[in-house]
Amino acid sequence: MATIDKIAWIRIEGGRILSTRSRGRDVWYLPGGKREPGESDLDTLAREIAEELRVVIAPETAVHVGTFAAQAHGHPDGVLVRMTCYTADHRGVPRPDHEIEEVAWLGYADRDRVSPVDQIIFDHLRRRSLLT
């Protein structure tokens with residue numbers, strides 16, 4: 001069974017979570033991406049968020065939220081995505097860049113618009129009263 005290793009940024013404001021939609025996709029994802037060889041979680045987080053959203057992550061403020069796994073959206077059955085999630089302070093205003101077409105703040109009511117692993121994360125955040 002193949003597993004895709006991804007790192008994601010959890011940014012919640014007013015009970016809503018920052019989400020991204022890539023060009024040509026109809027599903028929303030938490031910002032982040034795949035680790036490059038030799039990168040730590042925080043290296044990946046900082047690089048991916050800078051590339052996707054033009055903001056600078058402060059790695060020293062990063063807090064691990066959890067690691068979640070589910071069937072990878074758009075991949076054959078049996079391919080899993082393992083998403084390791086962090087909160088972290090940042091500098092700048094998130095704006096779409098590179099493959100990201102759109103940025104939005106989603107609430108729990110938007111759960112059906114996100115990838116399967118993000119749905120698990122939405123449930124986790126809702127149980128902790130962080131997502132409305």
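Any read-out appearing in this document is the output of simple, stated calculations on the displayed coordinates, not a laboratory observation. Just so you know, these numbers come straight off a predicted model, no measurement behind them. As a convention, Cβ positions derive from the backbone with ideal geometry for all residues, glycine included, and neighbour counts pool all protein chains shown.
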Estimated distance in nm for a label pair at Glu101 and Val79, the labels positioned 7 Å out from Cα along Cα-to-Cβ:
2.0 nm
Note down the nm distance, to one decimal, between modelled labels 7 Å out along Cα→Cβ at Gln71 and at Arg25.
1.8 nm
Scoring only Lys, Arg, Asp and Glu (+1, +1, -1, -1) among other residues with Cβ under 15 Å from the Cβ of Asp123 yields +2
If you put +1 on each Lys and Arg Cβ and -1 on each Asp and Glu Cβ, how big is the dipole of the stretch 3-127 around its Cα centre, in Debye rounded to 20?
280 debye
Positive-end residue, the stretch 19-132 charge dipole about Cα centroid, Cβ charges, pick of Cys85, Ile49, Pro37:
Cys85
